[in-house]
């Protein structure tokens, strides 16, 4: 047998893919609900509480409503691109989950099963590549709508992502200098043994966080869909589930960037103050996944908390912040980290 | 120019220092303000399940009263219609026939009694004008509807349930009328 395919491996990965995709969709669904609830409590309101106990069926009702809405494809739009836009947004949003280490290994059926779909050795670069592809969904949708507001929204999204991706990448370089690896799994393992990366890279984390807000098109960087100036931005012409895909992709993106931030800076599935090796492997893997989810929930809450606190930037302010503040700051951070890493390699002790 | 009130504050036009210029402190302060609102009491009342308490003198929908044997009090004297400043009340009188003594308390009764709830201003003058304690304002308010004609309440909409035949409904409809009378 030249091509000995390990069927068990294929099944294991397929199951894992299905679980990850479903989980990110369900979590994104409930993030929409959480967004409304968080917005409500921050504004002294009650939020949705009619559908089911405490309103937990609200996202189902919302989804159902979107499905039943009339699907309109304007006849002045380019149809293929118009459909491609939201599909691409959704696709790229979900694709990122492939390289994220959701947990440690579990031991079932005499096999060690890694809770990561693919441990790519350049994992974080893959995440970056896919996330920046996400802007194509917005750009194509905005372009295909053939509407001036959509086009302006798409343009803003594109320029915003380009501006902030730079600073994000540079802040990441500093982090990579510290960890010495691109694989997300290895980063988590390193953080399990030592301190979390936030301790080494506080400034880098701050830059990364701000850029993550920009990448997700979240307030205060939601210029692409600025309701009160662009009527909704790139998705003005969209209706029904195509609009739903755009909104949904935003929440999946938020979830994924929370996971990435938790993994890069907050130890991923590491449980603090606990040596995982001393306990049962399967239970520890489960608790690790829960721990990661707890961190993610914290980040998602932060996303919402900021959204309901800070108003939107003006376009020139956005560009100023990106190019004149964040990029120099990220460069400075990179130089500083580089210098310290070099000194440490040459035998200096801190 | 003189300030109109003593609450005016001059605008602080000092140059921002470094901490203020990076805005992070201000953002943090703002976020703490929104965070503190999580723990604030919510003014919303879950309406259909909970209603706000009415004051004892609240004037809502009208109720045509019966006596304790279930006979209608109204004698169609028309005083309420005369007292009504909005002219919302219409009625037609009829004479009680022999054998109807258990339906109407006196020899004359209202065959038709209508209140236009869109005209009514819920002033309660009808209640004050009534010599027979036949009409009073309850604690329910007029529900919404799609058609104007639904707001003309007929006698059967206004009559209180029979105290002997439907004692529970009667009690419910009575509400805290007794309490109110004591308060008056």
Can you tell me the relative contact order of chain B? Whole percent, Cα pairs under 8 Å, sequence separation 6 or more. 23
Grab the DSSP H runs of chain B that are 4 residues or longer, score each as -39,500 (n - 2.57), total them, divide by all residues and round the 222 nm result to the nearest 500 deg cm²/dmol. -6000 deg cm²/dmol
On a 0 to 90 degree scale, rounded to 10, what angle separates helix A:202-215 from the longest Cα axis of chain A? 30
Taking 56 Å as R0, compute the FRET efficiency from the Cβ-Cβ separation of residue B:4 and residue A:121 and round it to 0.05. 0.20
Would you mind ranking A:189, A:259 by Cβ crowding within 10 Å, fewest neighbours first? A:189, A:259
Average other protein chain Cβ within 10 Å of Cβ, residues B:42-48: 3
Inter-part gap, Cα centre of the stretch A:31-74 to Cα centre of the stretch A:297-319, in whole angstrom, is 21
Based on the Kirkwood radius over alpha-carbon pairs, what value in µm²/s does the Stokes-Einstein equation return for the translational diffusion coefficient of the stretch A:104-247 at 37 °C and 0.692 mPa s? 190
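Which ordering of B:146, A:315, B:109 is given by a fewest-first count of other beta-carbon atoms within 10 Å?
Fewest to most other Cβ atoms nearby, the residues stand as B:146, A:315, B:109.
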Note to self: C-alpha centroids of the stretch A:197-221 and the stretch A:123-185 sit apart, in Å, by 13
Here the relative contact order (percent) of chain A, from C-alpha pairs under 8 Å and at least 6 apart, is 23
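Compute the length gained on full extension between residue A:45 and residue A:302: take 0.36 nm times their separation in residues and subtract their Cα-Cα distance, giving the result in nm to one decimal.
Answer, rounded to one decimal: 90.6 nm.
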Between the alpha carbon centres of the stretch A:84-121 and the stretch B:112-156 the gap in Å comes to 67
Those residues of the stretch A:196-237 whose amide nitrogen sits under 15 Å from the label point placed on residue A:344, 7 Å along Cα→Cβ: A:196-205
Relative contact order, percent, the stretch A:165-313 [alpha-carbon distance under 8 Å, six or more residues apart]: 29
In deg cm²/dmol, rounded to 500, what helix-only [θ] at 222 nm does chain A give when every DSSP H run of at least 4 residues adds -39500 (n - 2.57) and the total is split over its residues? -22000 deg cm²/dmol
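What's the exposure ranking of A:305, A:323, A:196, going from fewest to most Cβ atoms within 10 Å?
A:323, A:305, A:196
Based only on the alpha carbon positions, what is the Kirkwood hydrodynamic radius of the stretch A:1-124, in angstrom?
18.4
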Plugging the Cβ-Cβ distance of residue A:198 and residue A:69 into 1/(1 + (r/R0)^6) at R0 = 56 Å yields, to the nearest 0.05, a FRET efficiency of 0.85
Can you give the Rg and Dmax of the stretch A:71-181 based on its C-alpha atoms, in angstrom? 18.6, 59
Contour minus end-to-end for residue A:133 and residue A:319, with contour as 0.36 nm per residue of separation and end-to-end as the Cα-Cα distance? 64.9 nm
Simple SL model, points at 7 angstrom along Cα→Cβ for residue B:40 and residue A:14; separation in nm is 5.4
Using only Cα atoms and rounding to the nearest 10 degrees, what angle (0 to 90) does helix A:58-68 make with the longest principal axis of chain A? 50
Can you pull the three principal axis extents for the Cα set of the stretch A:308-350, in Å, largest first? 48, 22, 8
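At 0.692 mPa s and 37 °C, plugging the Kirkwood radius over alpha-carbon pairs of the stretch A:72-345 into Stokes-Einstein gives what diffusion coefficient in µm²/s?
168
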Degrees, to the nearest 10: A:7-42 long Cα axis against longest axis of chain A: 60
Ratio Rg/Rh, restricted to the protein assembly as shown and using Cα atoms, in which Rh is the Kirkwood radius: 1.18
How much FRET efficiency would the formula 1/(1 + (r/R0)^6) give for residue B:33 and residue B:97, where r is the Cβ-Cβ distance and R0 is 60 Å, rounded to 0.05? 0.20
Cα convex hull volume per residue for the stretch B:62-183, in Å³, equals 111
Across the stretch A:194-350, what fraction of all alpha-carbon pairs, as a whole percent, falls in each successive 5 Å bin from zero upward? 2, 8, 13, 16, 15, 14, 12, 9, 6, 3, 2, 0, 0
Using 0.36 nm per residue of separation minus the Cα-Cα distance, give me the extension gain between residue B:25 and residue B:123 in nm, one decimal. 29.7 nm
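Read the figures in this text as sums done on the coordinates, not as results from a lab. Since this is a predicted model, take the numbers as computed values, not measurements. Cβ: placed from backbone, ideal geometry, glycine included. Neighbour counts: every protein chain shown.
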